[in-house]
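Remarks on the structure that follows.
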Amino acid sequence: MDRQVQVEYLSGGNASGLAATKLVVDVEGAVINPGVYELAGGSRMKDVLVTSGGLSADADRDYCEKTLNMAEEVKDGQKIYIPKKANDDTLAGYPEANNVAKKVNVNTASMAELDTLWGVGSARADSIVKNRPYQSLDELVSKKVLTQTILDRDKDLLSVY
């Protein structure tokens, strides 16, 4: 009696035979190769930067060190923006005439700087700091740090990069 043994090979790398989850992220700004990338599920911020070729020479490395969490798991559809170093010449001249100097970066501002904004006192400033980083100003409302009214009033004075 001759028995035949059948062996079935599963593709995809997991026991259920289902394809691994894919993520699509948009990487822009000061990276070597900006663009939209498809990564494996569970990818981290460091994987995104490696895939996009790494930080370019004009990347604001201080900002990246302070704000980006290289171990953070990225989400499908996420946009990642790496800012460029500020050009020192743009801040030359009279501060009164330079609107760029008046912006408050919610990701790097001190409690004292945040406290100067309309509707933001020490308690709200503390909440802003504790909920960092922010990818957009709208996250201040979605994370219940600011009300929509306060954000609308201060929007022209705020930045996230």
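FYI, it's all coordinate maths here, none of it is from the lab. None of the values given here were measured: they were computed from a predicted structure. Backbone-built Cβ (ideal geometry, glycine too); neighbour counts: all protein chains shown.
Listing for the model above:
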| read-out | value |
| --- | --- |
| Amide H contacts under 5 Å for Leu68, placed H, 5+ residues apart | none |
| Net charge contributed by nearby residues that have their C-beta within less than 15 Å of Gln78 (K/R +1, D/E -1) | -4 |
| Under-5 Å amide H pairs with Thr147, H placed in peptide plane, nonlocal only | none |
| Electrostatic dipole magnitude of the range 98-159 [Cβ: Lys, Arg +1; Asp, Glu -1; Cα centre; debye, to 20] | 100 debye |
| Fewest-first ranking of Tyr81, Tyr37, using other Cβ atoms within 10 Å as the exposure measure | Tyr81, Tyr37 |
| Cut-off under 5 Å, modelled amide H: who pairs with Val31 long-range | Ser56 |
| FRET efficiency, 1/(1 + (r/R0)^6) with R0 30 Å, evaluated for Val50 and Arg153 via beta carbons | 0.15 |
| Charge sum, other residues only, whose C-beta stays under 13 Å from Gly35's C-beta, Lys/Arg counted +1 and Asp/Glu -1 | -2 |
| Per-residue ³J(HN,Hα) for the range 38-46, Karplus 6.51 cos²θ - 1.76 cosθ + 1.60, θ = phi - 60°, Hz, x for Gly and Pro | 9, 10, 6, x, x, 5, 10, 4, 4 |
| The range 98-159, relative contact order [Cα under 8 Å, separation at least 6], % | 40 percent |
| Sequence-separation-based contact order of the range 22-82, relative, with Cα cut under 8 Å and 6+ spacing, percent | 48 percent |
| Difference of contour (0.36 nm per residue) and Cα-Cα distance, Lys66 to Gln135 | 23.5 nm |
| Local net charge near Arg132, Cβ-Cβ under 13 Å (Lys/Arg +1, Asp/Glu -1) | 0 |
| From phi via Karplus (6.51, -1.76, 1.60), per-residue ³J(HN,Hα) for the range 134-151 in Hz, x at Gly/Pro | 10, 8, 8, 5, 4, 5, 4, 7, 5, 8, 6, 8, 10, 7, 4, 4, 5, 4 |
